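Quick notes on the structure that follows.
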Amino acid sequence: MKNPLRIGVVGLGTVGAALVGALATNAPLLASRCGRPLIVTAVSARDKNRDRGISLEGIAWFDDPVALAQSPEVDCVVELMGGADGVAKAVVEAALSLGKSVVTANKALLARHGTALVALAEAKGAQLNFEASVAGGIPIVKTLRESLAGNVVTRVSGILNGTCNYILSRMELEGLTFADCLADAQRLGYAEADPTFDVGGFDTAHKLSILTSLAFGTEIDSDAVYVEGIASITPLDLTMADELGYRIKLLGVAERTSTGIEQRVHPTMVPKNWAIAQVMGVTNAVSVLAEPVGELTLVGPGAGGNATASSVLSDLADIARNIHVAPLGVPASALSHGDRAPMQRHEGGYYIRLTVRDRPGAAAGIATRMAEQMISLESIVQKRAAASRMADPAGKSGAPVPVVLITYATSENAIRAALDAVMADGHIAEPPQLIRIERG
C-alpha cells in the first residue's frame, strides 16, 4: 500500500470536527478504496481546550494555521475557517505555493479569489477541490465538472441556502410572518444572529457564481450576480402563490440567453408540479438543463457537519487516488470572461402585488401604465375580504387594498418602467411587491 496522505485540518467547528471523526471512523474503508491510508497529522483552531467530541491524540496542534500549511508533516490542507480574505486566504495560498493540494468549503473565498487560486494550483501542480463549497452534501461540483463533461449546459438553478428555504417553508405551512419565522430559526440554530448573508441572498450568490463558472467555462464573477433576498415576502404573497398553483422559493439561476449569461438570485414563483417546488425545510436542490442528457435534479442536505464533511471526504479521496482534473472543468487560462446579461433584459412572467388606493381612476390608471409598456396581463386578482382585513383592520372604508397582477412574458425594463410610473401617479400606497415567475 502507498504512503499515507497526511492531512492538516484548519478549522474545527461543526464541519471540521465531523471530518476528523469521519476520517477516524471510516479509516479502513477509505484506505481500501483509495489504495492508501488517509490520516490527520495536524490541526489548527482558535481554542485548543474546547471539547469537540473527538480525539486529537497524536495529532500536532498549530496555533498558526499558515505554519500548519507549511509543515513538512502535512501533504494536503483542508481549509474550513471561512471568510473571503485574511487567514483563510493566506492558508490556501501558502499550501498551494508549496505544491500541496487543498480542499475547501469556503464559497466566499472562491467567489472572490477562486479564479486566481485555481491558476496558482495549476501552476504548482496541486489540486484545489471544493465540492463542499456548494450545496453541502450534494455532489453538484463533480456532476458539472466530470459527469456532464460531454454535455452542453444551458441552465443551472437551485435552492442553495437552507436557511431561506426553511423560513419560506414555515411561512407557507404555518402562516408566520418573515420576522416571526426568522426569530424562531435563530432560536433553533438554523439562522445566524446576523442573518443578512443568508436571507439577503448573498450566500446563494456566492455559490451560484461557482456553479456558473463550472457550467459555462467562465471566470468566477460574483459581482455579476443580481441579488434580492426574502425579507419582503409576506404571508399574503405565499397564499396567493398557492392559489395560483405556485410555491415561492429563493432560487439562484444561471442561464445562457441571447444577451449573455444571466446570473440572478431572487424569490421566485415555481409551479407546484416541479421537483424543486417539493423541496422543503433546510434541504437544498440543484437542477441542470443540458444536452444531450436533458434535465437532472439533485436533492439533499445543503449544510450541517456530516453532510459537508461527506463532500470534503470525497475530495480527499480524489487527492489520495492522485486524480487530477481542472478544478473549474477547463484550465484557468481557457476560462472566458463571459458576457454578462444585464438584469434589465431579463424576460419572463411576473407577479405584482399593489396596495391600491380606493379612489376613482386608480385601476384605469394602472392598466394604462401597463399598456404603455406593452405588458399583457394574464390575470388580475383582488380578494376583497382578505384584502380588507389586512389593509384596513379597523374596518374604515376607502383604505388601500391589495391587488395582484400576473403578467405574460415581458422584460424587466418594461415592468420597472410601468411600476415607476404607477408610483409617480400616486395610485399605490406603498412600494409594489415584484416576484418573478418561472414557467419552464
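For GLU79, what accessible surface area do you get with a 1.4 Å probe? Give it in Å², rounded to 10.
Here the residue's solvent-accessible area equals roughly 0 Å².
Looking at segment 200-296 only, what percent of DSSP beta bridges run antiparallel? Nearest 5 please.
Expressed as a percentage, antiparallel bridges in segment 200-296 total about 90.
Considering only protein heavy atoms, with the full assembly of protein chains and a 1.4 angstrom probe, order ARG52, ARG321 by accessible area, largest first. Write down the numbers at each step before the final one.
Numbers: ARG52 35, ARG321 100 Å².
Result, largest first: ARG321, ARG52.
Rounded, prolate or oblate, given the Cα gyration tensor of the chain, with a/c below 1.5 counting as rounded?
prolate
Largest first, how would ASP75, ASP47 line up by accessible area (1.4 Å probe)?
Correct descending sequence by accessible area is ASP47, ASP75.
What is the set of long-range amide H partners of VAL9 at a cut-off below 5 Å, with H atoms built 1.01 Å from backbone N?
Sorted by chain and number, the residues that satisfy this are ALA42, VAL43, SER44, VAL78.
Please express the shape of segment 246-369 as an equivalent ellipsoid: the semi-axes are the square roots of 5 times the eigenvalues of the C-alpha gyration tensor, given largest first in whole angstrom. Show your work: numbers first, answer last.
Details: eigenvalues 317, 93, 33 Å².
Listed largest to smallest, the semi-axes of segment 246-369 are 40, 22, 13 Å.
Taking amide H atoms as placed 1.01 Å from N in the peptide plane, list the residues 5 or more away in sequence, or in a different chain, whose amide H sits under 5 Å from that of ILE437.
Amide H to amide H, under 5 Å and 5 or more residues apart or across chains, ILE437 pairs with MET269, GLY349, TYR350, TYR351.
For the pair SER55 and ARG33, how long in nm is the line joining their label points, each one 7 Å along Cα→Cβ?
Roughly 2.3 nm, to one decimal.
Can you tell me which of ALA326, ALA362, ALA309 moves the most in a GNM of the chain? Springs connect C-alpha atoms under 10 Å apart.
Greatest mean-square fluctuation among the candidates belongs to ALA362.
With each run of n ≥ 4 DSSP H residues scored as -39500 (n - 2.57), what mean residue ellipticity at 222 nm is computed for the chain after dividing by its residue count and rounding to the nearest 500 deg cm²/dmol?
Theoretical 222 nm ellipticity from helices: -11000 deg cm²/dmol.
Averaging sequence separations of C-alpha pairs under 8 Å and six or more residues apart, then dividing by the length of the chain, give the relative contact order as a whole percent.
That works out to 16 percent.
Can you return the lysines within cross-link range of LYS89? Criterion is Cα-Cα under 26 Å, with same-chain partners fewer than 8 residues away left out.
Candidates past the 8-residue exclusion: LYS48, LYS100, LYS107, LYS124, LYS142, LYS207.
Keeping all protein chains in position, work out how much accessible area TYR166 exposes to a 1.4 Å probe, and write it in Å² to the nearest 10.
So the heavy atoms of TYR166 present about 30 Å² to solvent.
Got a number for carbon plus sulfur as a percent of the chain's accessible area, 1.4 Å probe?
51
With a ≥ b ≥ c the root eigenvalues of the C-alpha gyration tensor of segment 56-190, is it rounded (a/c under 1.5), prolate (a/b larger than b/c) or oblate?
oblate
Mind checking which helices in the chain clear 18 Å along their axis (Cα) and have mean Kyte-Doolittle hydropathy of 0.5 or more, DSSP H runs only?
On the way: long enough: 107-124 (23 Å, 0.56); 202-216 (21 Å, 0.77); 305-320 (22 Å, 0.59); 412-425 (20 Å, 0.35).
Helices meeting the criterion: 107-124, 202-216, 305-320.
Starting from the 7 Å offset along Cα-to-Cβ, what nm value, one decimal, do you get for the label separation of ALA179 and ARG357?
Reported label-point gap for ALA179 and ARG357 is 2.6 nm.
At a 1.4 Å probe radius, which order do TYR350, TYR408, TYR226 fall into by accessible area, largest first? Working shown, then result.
On the way: TYR350 0, TYR408 115, TYR226 65 Å².
Putting TYR350, TYR408, TYR226 in descending order of accessible area: TYR408, TYR226, TYR350.
The values are calculated or read from the model by the stated rules, or taken from the named source; none is laboratory data. Treat the numbers as computed from the prediction; the structure is a model and nothing was measured. Quick reminder, even Gly has a Cβ in these numbers, built from the backbone with ideal geometry, and neighbours come from all protein chains shown. The accessibility values were calculated without ligands, DNA or RNA, using every heavy atom of the protein model including side chains. Shrake-Rupley method; radii C 1.70, N 1.55, O 1.52, S 1.80 Å.
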